[in-house]
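What follows is a single structure, written as structure tokens, with notes after it.
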Amino acid sequence: MTETVAVIGAGMAGLWTALALAPTGRKVTLLDRDPPPPPGDADEAFTGWAHRGVTHLRHSHAFLARLRGIIRDEHPALLEALNAAGCRELGLDGMLTDRHRKRWRPRPEDADLVVLTSRRTTMELVIRRYVEAMPNVEIRSEAFVEGLDASGEAPLKVTGVRLRGGETVAADLVVDASGRTSSAFDQLADLGVQIGETAEDAGILYFTRHYRLRPGQVEPPRGGAPATGDLGFIKFGVFPADNGCFSITLCVPEIELEIRKTIVDPAIFDGICREIPGMRPWLEPERTEAVSKVYGMGDLKSRWRTLVSEGRAAVLGFFAVGDSLIRTNPLYGRGCAFAAVSATLLRDALEVGQDPAGRLFAYEAGLKREILPFFETMQKDDRAAVRRARQALDPHHRPSLRSRILKSFAEDGVAIAIRSDPDLLRSAMRGFHMLEHPSDWLKRPVNLGKVLLHWMAPRAAKAEVYPPKAGPRRAELMRAVGLDPELDVARVSAG
């Protein structure tokens, strides 16, 4: 008998669930609270898609190599459709410095290290149209899920969902893919389900503005000052997209109140960007024009939920994929990749047999194996960034010997080694793009040995390998855009 699957949400997590489960023969119904996308092209989707359930729809995106690999291997026609719509594929060779190129030798595995870049609306539009054409998938727009249907006791079994208006959609499996604003877990808790959760603030806010190249213009050449970086008090990045578009994202620590209050002003946003050398060429008036307001996003948290409690299944017939289950800091660009990998892990878990608890255990085991290492690394990096942001505003702070050593190892060892050795770059990128455990590359004796040799080399001997200065100091940049750099320092000191 064919299993039926009701998926709450039709954003990236819901679409990936359909991409994973529909080829197995299951009947999949996606319940989308929002209206459908406009019928036109990628530009119409960007300007006119009222996809309120996706709060970061118009923020910068780059889709990791792990995600692109799943599309390539399981849905090659979808990859062709994405390329036809203007999405771009950027390989490892585009990340090389001039120093790398002197020693660069392509390898077959480099075919896996390819990133997809586009506006999120373009990517989602193309995937949605591909999913809509699958024979056993239905997408129901403006179908607002108000509650779960469930029965039994310890563990509760979910048997469907209730829609606004009174309709009940029965299903053998219910998948929550409704994102960071999901209410399904609150409903389960109200029904007595014990849900494990760990969560903490990411400590930053996210701001994005979109631009388009003017007719006849091209992107600035790479190789000079970095267009992506971290100044301590602000993180920045340029994200090339589809059809001559690109976006810029600035990430501001929560503690930097004066910047946070004003950065949504387009003049302040662009003014900050023009003070950063690597971004200045992207905003030359003759080259580009702004095509959006400044989009802000706060309440950024990392969160991991589990439906296994003390070795027992807390609920049956219910799974979650994407941000409703595992929520991440968008700075690392892993949200969509986590959703894609989670959906494939769910498919694999459902194939272990018909035992509902066994399926949940298999899914949880896959998540801990494939995603948890990246989640824990992200949390560690976020905590360190929060500490650094506060310390930067404390005039009395003096870094410890340990922190100075670790900073030197990262900046004078790891970063220099990666910028010098193409094989180390390849290894580090495989970890970043979720093709292997994030820290495995540095644990290999040959790689660690190379890093240590670069770290021990005199600074003068590796002077040419250091990147150009990423940007001005905090006080200099703030004064350049008319902000007082002392206000937050005084506030932190008083606090």
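Residues in segment 330-369 that are of a type in the set (Gly, Ala, Ser), part of a helix (DSSP H, G or I) and out of contact with any helix residue (DSSP H, G or I) (no Cβ under 6 Å at 6 or more places or on another chain) were compared, and the one that is surrounded by the most Cβ atoms within 10 Å (Cβ to Cβ) is Ser342.
Taking segment 396-495 as the region of interest, none of the helices (runs of 4 or more DSSP H) fully inside it holds 2 or more residues being in contact with a Phe, Trp or Tyr (Cβ under 8 Å, 6 or more places away or on another chain), more than 16 Å from Gly232 (Cβ to Cβ) and open to solvent by 60 Å² or more (accessible area, probe 1.4 Å). Restricting segment 32-67 to residues that are open to solvent by less than 10 Å² (accessible area, probe 1.4 Å) and aromatic (Phe, Trp, Tyr), which is nearest to the chain's Cα centre (by Cα)? Looking at the filtered set, the residue picked out is Phe63. When you look at Asp382, is it of a type in the set (Asp, Glu) and open to solvent by less than 40 Å² (accessible area, probe 1.4 Å), yes or no? In short, yes.
Just to be sure before I move on: is Met378 closer than 27 Å to Glu464 by Cα, in a helix (DSSP H, G or I) and within 23 Å of the chain's Cα centre (by Cα) in the structure I sent? So Met378 does not fit the description; no. Among residues of segment 172-214 being closer than 16 Å to Leu360 by Cβ and modelled with pLDDT of 95 or more, the one that is nearest to the chain's Cα centre (by Cα) is Asp176. Restricting attention to segment 94-142, the residues that are assigned to a helix (DSSP H, G or I) and either in contact with a strand residue (DSSP E or B) (Cβ under 8 Å, 6 or more places away or on another chain) or more than 20 Å from Pro221 (Cα to Cα) (or both) add up to 18.
Just one of the numbered conditions (1) out of contact with any Leu (no Cβ under 8 Å at 6 or more places or on another chain); (2) at pLDDT 95 or above; (3) acidic (Asp, Glu) is not true of Asp230: (2). Only helices (runs of 4 or more DSSP H) whose full extent lies in segment 1-90 are considered here, and the ones with at least 2 residues that are touching a residue at least 24 places away in the same chain (Cβ under 8 Å) and more than 30 Å from Glu219 (Cβ to Cβ) are 12-21.
Is it true that some residue in segment 456-464 is under 28 Å from Leu372 (Cα atoms) and touching a residue at least 24 places away in the same chain (Cβ under 8 Å)? No.
Considering only segment 308-317, I want to know if a residue exists there that is under 22 Å from the mean Cα position of the chain (by Cα), open to solvent by less than 20 Å² (accessible area, probe 1.4 Å) and either within 15 Å of Asp176 (Cα to Cα) or of a type in the set (S, T, N, Q) (or both). Scanning segment 308-317, I find no residue that is under 22 Å from the mean Cα position of the chain (by Cα), open to solvent by less than 20 Å² (accessible area, probe 1.4 Å) and either within 15 Å of Asp176 (Cα to Cα) or of a type in the set (S, T, N, Q) (or both), so the answer is no.
Among the residues of segment 184-201, the one identified as of a type in the set (S, T, N, Q), touching a residue at least 60 places away in the same chain (Cβ under 8 Å) and not in a strand (DSSP E or B) is Gln194. Looking at Thr168, is it farther than 22 Å from Ser342 by Cβ, open to solvent by 20 Å² or more (accessible area, probe 1.4 Å) and hydroxyl-bearing (Ser, Thr, Tyr)? Yes, satisfied. For segment 257-284, a residue qualifies if it is farther than 17 Å from Val218 by Cβ and either of a type in the set (A, V, I, L, M, F, W, C) or buried (at least 22 other Cβ atoms within 10 Å of the Cβ) (or both), and the qualifying residues are Leu257, Ile259, Ile263, Val264, Ala267, Ile268, Phe269, Ile272, Cys273, Ile276. Selection of first residues in segment 204-229 that are touching a residue at least 40 places away in the same chain (Cβ under 8 Å) and of second residues that are loosely packed, with under 15 Cβ neighbours inside 10 Å and hydroxyl-bearing (Ser, Thr, Tyr), restricted to Cβ pairs under 6 Å at least 6 apart or on distinct chains, gives an empty result.
Number of residues in segment 11-57 that are touching a Lys or Arg at 6+ places or on another chain (Cβ under 6 Å), of a type in the set (A, V, I, L, M, F, W, C) and at pLDDT below 95 equals 2. Considering Ala389, Ala362, Ala340, Ala349, the condition of being over 27 Å from Pro155 (Cα atoms) and modelled with pLDDT of 95 or more is satisfied by Ala340 alone. Scanning segment 323-349 for residues that are among the small types (Gly, Ala, Ser) and under 22 Å from Ala170 (Cα atoms) yields Ser324, Ala343, Ala349.
The values are calculated or read from the model by the stated rules, or taken from the named source; none is laboratory data. Remember, it's a predicted structure, so these values are computed and weren't measured experimentally. So basically every Cβ, Gly included, is an ideal-geometry build from the backbone, and we count neighbours across all protein chains shown. Please note that ligands, DNA and RNA were not included when accessible areas were found on the heavy atoms of the full protein model with its side chains. Shrake-Rupley method; radii C 1.70, N 1.55, O 1.52, S 1.80 Å.
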